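Read-outs throughout are calculated quantities, based only on the coordinates presented, and are distinct from any laboratory measurement. Predicted, not measured: the structure shown is a model, and the values here were computed from it. Heads up, the Cβs are rebuilt from the backbone with ideal geometry, glycines too, and the neighbour counts pull from every protein chain shown.
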């Protein structure tokens, strides 16, 4: 295949989505719950996770679905990972404001209920609850044969934090150190493009991956009984849930023995659709320089080569190996990185916050983003 | 049309849904959050709304979608009510445990985003937030052209209550008085059957309703500029949100001036899919007798006649005019009914709790349910 592919040609119009969401939001008007009462909205820069007041705490809600990664799960009838994907997309957003996730509800829409599929989903959600350390507080399965042609899975996570410990981005400053947490693979964004590339590649999801799938310490969830990892396994590998170690880091920062506090964690970014450009949401004017990136997983290189996707587009669409970025006070960066490294293989300092313009610069890949 | 219709023949297999959900739940295992910590699960009889611990409070989550009523909204491109439907299905469930809803998030899945539709949805959700008095704390719009053929809308509501004030059904006793709150129409259940009947009726949703749509004090949300109410308007009439007056009733019960307390409200039932049989979820052994029902809205009679649906099936599928039932201590029933009547037209005492078997008996319609 020689035609270059990008996200828009794969059928996703980010601008159209943006204006649809803007239309919805502009219709909403002011909240009906006054400041100082339970449920009053709290505005934070960055916009990850909706925060509301609740006494001495803030509660945070995040809602998201797995998206078109589900179409690969449907095709292969493999559901062991998608509950983890659904959980991850939500709880990782909550972590960005410093919230500890505590509960989750799932919403499944199907053309027709299938007990076997639901049992597999239940097992996947149970594993996701274990990884995220949350209670599954409910769920809904809707039979909608006139609306969905195959299974859709979304969910909502609830978290909380102390009122004065929200991670808002307002403490960010030039010189802050960026710590990258490795991703487990593609995670749950960019799948319209992934599927399009594979559909045109001549490969099937049942084929062994035509590359060495080893990448740092990441593991691939196996569901095929053969020695070599298949493309299906690579592209269904569940999204990393970062509660362990990020919740633990926040708890450490809260403890009196710690040399640093929650206020030394200046920003947390969940790298989702939009790739590194997500960093721009954390602050209105500061910039971001990545000069020591995490290793790029082999499937990203294979997708770029196979689909003829240019580097800028790859970094604009995918996490490229780094699923979460913490911006911390430089004085504590080494200590925090060392602590995180004990909990998770492959954590490293990847760059710093700069004050020469509202942009993300990735030095190695020579890509730059100035808008989200 | 002479063939009798029922819910199963309309394409919804409640048993299959039940076993799918049971498969999912049986895969879940125990919660990872220990009792006494934020997020630990709280088990209540009845099963409305997932409750978790949170200090001196309990938090409650409810998640649900609008279901196939959306297909009528899509057909008519009328979205003014569906945000209210989505809110109602969730917050009304929260009320059943005595929770005050405080926040909501929406999830929209579309084949392609449409800013005009989203603006209408936003306006509908804003009105829903006003009616339910909650903050819209976030939302997600997913473009899933391979999964959904038309718009799906679901949401999650968050509420809270004081730890010792959960309405669990454990105070229910024979002689408790049932107070019925009128519905606004079909609400958001039974639409597979509604749509099937209309599709076979020879009528279009654009036709004027072939019956007098007046019913007690209920209003119909108009969106067509013609004098007579259309079938589309009748069947898209939004679900009643019962926060006003139920949250206010709970607050009144909490106040020192009140003669009754929250503990005198023994059970609250949201009448959804399953109709009156929902009452059976509130208690393991007590029975329910309805001898003075609320008026049946004319559209229910028209559906029964037009579709040849028998009475038992109608009461098993629809709310038949009564969208929420409160079971209260007999000593305070008149006072509570009078207070509610000042807030809402058409509230009345409809029956009582009995101890002659785990069943619901509707004396006027001569129907009886002994399982949910």
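With neighbour counts taken as other beta-carbon atoms within 10 Å, the residues B:110, A:229 rank, fewest first, as A:229, B:110.
Based on C-alpha pairs under 8 angstrom that are at least 6 apart in sequence, chain B has a relative contact order of 22 percent.
For residue A:366, the point set 7 Å out from Cα toward Cβ sits 8.7 nm from its twins in the other copies, listed from shortest up.
Here the contact order of region A:252-372, divided by its residue count and restricted to Cα pairs under 8 Å and six or more residues apart, works out to 40 percent. For the residues of B:68-81, the average number of beta carbons from a partner chain within 10 Å of their own beta carbon is 1.
Dividing the Cα radius of gyration of chain B by 2.2 N^0.38 Å, with N the residue count, gives 0.97. Debye-formula intensities of region B:32-165, expressed as log10 I(q)/I(0) at q = 0.14, 0.17, 0.18 Å⁻¹, are -0.65, -0.86, -0.93 (one equal scatterer per alpha-carbon, no solvent). Is region B:267-372 best put as rounded, prolate or oblate by its Cα gyration tensor, with a ≥ b ≥ c the root eigenvalues, rounded for a/c under 1.5, and otherwise prolate when a/b is larger than b/c, oblate when not? Oblate shape, in that a/c is at least 1.5 and b/c is the bigger or equal ratio.
Residues of A:93-105, mean number of Cβ from any other protein chain within 10 Å of their own Cβ, rounded to a whole number? Spell out each step's value before the answer.
Values: counts 1, 0, 0, 0, 0, 0, 0, 2, 1, 9, 15, 5, 8.
Counting Cβ atoms of other protein chains within 10 Å of each residue's Cβ and averaging gives 3.
Each other copy places its own label point for residue A:173 at 6.6 nm from this one, sorted shortest first, where the point lies 7 Å along the Cα-to-beta carbon line. Computed over the Cα atoms of region B:243-294, the ratio of the radius of gyration to the Kirkwood radius (Rg/Rh) comes to 1.04. Here is the P(r) of region B:177-369: all C-alpha pair distances, binned every 5 Å from 0, give 1, 8, 16, 20, 18, 15, 11, 7, 4, 2, 0, 0 in whole percents. Taking all Cα pairs closer than 8 Å and separated by 6 or more residues, the relative contact order of region A:199-313 comes to 26 percent. Over the Cα atoms of the protein assembly as shown, each weighted equally, I'd like the Debye log10 I(q)/I(0) at q = 0.08, 0.09, 0.11 Å⁻¹, rounded to two decimals. Summing over Cα pairs of the protein assembly as shown leads to -0.64, -0.81, -1.16. Most simply put, region B:76-227 has about 55% antiparallel DSSP beta bridges, counting only bridges with both residues inside it. Measuring nothing but alpha carbons in region B:139-261 and taking Rh as the Kirkwood radius, the Rg to Rh ratio lands at 1.07. In chain A, which residue puts its Cβ closest to the axis that turns chain A onto chain B, and how many whole Å away is it? That would be A:156, 2, residue then distance in Å.
Residue A:225 to residue A:77: FRET efficiency via 1/(1 + (r/R0)^6), r the Cβ-Cβ distance, R0 22 Å, to the nearest 0.05? Result of the calculation: an efficiency of 0.90.
Computed over region A:132-205, the percent of Cα pairs more than 21 Å apart is 65. Ranked by how many other Cβ atoms sit within 10 Å of their own Cβ, fewest first, the residues B:312, B:302 fall in the order B:312, B:302. The Rg/Rh ratio for region A:109-159 is 1.01, where Rg is the radius of gyration of the alpha carbons and Rh is the Kirkwood radius. What's the center-to-center distance, using Cα atoms, between region B:191-217 and region B:247-280 in Å? Here the answer is 32 Å between Cα centres.
With the helix formula -39500 (n - 2.57) applied to DSSP H stretches of n ≥ 4, chain A reaches a computed 222 nm mean residue ellipticity of -9000 deg cm²/dmol. Placing a label point 7 Å from the Cα of residue A:130 along the Cα-to-Cβ direction, the distances to the matching points in the other copies come to 4.9 nm, shortest first. Start at zero, step by 10 Å, and the Cα-Cα distances of region B:225-269 spread as 22, 31, 17, 17, 12, 0 percent across the bins. In the protein assembly as shown, the DSSP beta bridges split such that about 80 percent are antiparallel, to the nearest 5. Counting Cβ atoms of other protein chains within 10 Å of each residue's Cβ and taking the mean over peptide B:113-126 gives 6.
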